[in-house]
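This report concerns only the one structure given below.
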Amino acid sequence: MARNTYAVAFAGWRRLIKPLTTNNGDTPHLEGHRVRLEALLAEATEIETQQAALTASKQEMSKRLKALTVEGNRVAAFLKAGIRERFGRTAEKLVEYGLQPFRGKKTAKPEDPGGPVVEVKATEPAPANPTE
């Protein structure tokens, strides 16, 4: 089953309103509801217009936000480099600025040769034919 979109619903409302307006003498008992549907259609059309404008504005703001982020990351990188230059790359003072000081290269620990030894026994493969 196809999902009705707003445009489909609004077009259906317009098709219904037009004959009700021209033939209101035939259906006077529905006049109040026709007027109500016209008001709903007018409000919905206005909201659609506002929504389109906000969508365009949102796209513009997203582009601006992306540009600001790129520029901000560049400035932040410059400042971090300046802080490292000022205090040195190994200074613990860097932690205050949210930076990781260089604390030397970590070396791998040698394995403990005195650990438990696990002996593995080799087993004969089972015969392919169980009748042998």
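The values are calculated or read from the model by the stated rules, or taken from the named source; none is laboratory data. Predicted model, so just to flag it, every value in this text is computed and none were measured. Cβ atoms come from the backbone with ideal geometry, glycine included; neighbour counts cover every protein chain shown.
If I filter region 29-47 for residues that are surrounded by fewer than 10 Cβ atoms within 10 Å (Cβ to Cβ) and more than 30 Å from THR5 (Cβ to Cβ), do I get at least one hit? Within region 29-47, one or more residues are surrounded by fewer than 10 Cβ atoms within 10 Å (Cβ to Cβ) and more than 30 Å from THR5 (Cβ to Cβ). Residues that are surrounded by 10 or more Cβ atoms within 10 Å (Cβ to Cβ) and part of a helix (DSSP H, G or I) within region 79-91 comprise LEU79, LYS80, ALA81, GLY82, ILE83, ARG84, ARG86, PHE87, listed in sequence order.
Going by the conditions given, is ASN73 of a type in the set (S, T, N, Q), outside any helix (DSSP H, G or I), out of contact with any strand residue (DSSP E or B) (no Cβ under 8 Å at 6 or more places or on another chain) and surrounded by 10 or more Cβ atoms within 10 Å (Cβ to Cβ)? First the steps, then the outcome.
On the way: of a type in the set (S, T, N, Q): yes; outside any helix (DSSP H, G or I): no; out of contact with any strand residue (DSSP E or B) (no Cβ under 8 Å at 6 or more places or on another chain): yes; surrounded by 10 or more Cβ atoms within 10 Å (Cβ to Cβ): yes.
So ASN73 does not fit the description; no.
Reported count of residues in region 16-28, each being in contact (Cβ under 8 Å) with a residue 12 or more places away in the chain and either over 20 Å from TYR6 (Cβ atoms) or in contact with a His (Cβ under 9 Å, 6 or more places away or on another chain) (or both), is 2. What do you reckon, is GLU46 assigned to a helix (DSSP H, G or I), within 19 Å of ALA11 (Cα to Cα), among the acidic types (Asp, Glu) and modelled with pLDDT of 95 or more? Yes: the conditions hold for GLU46.
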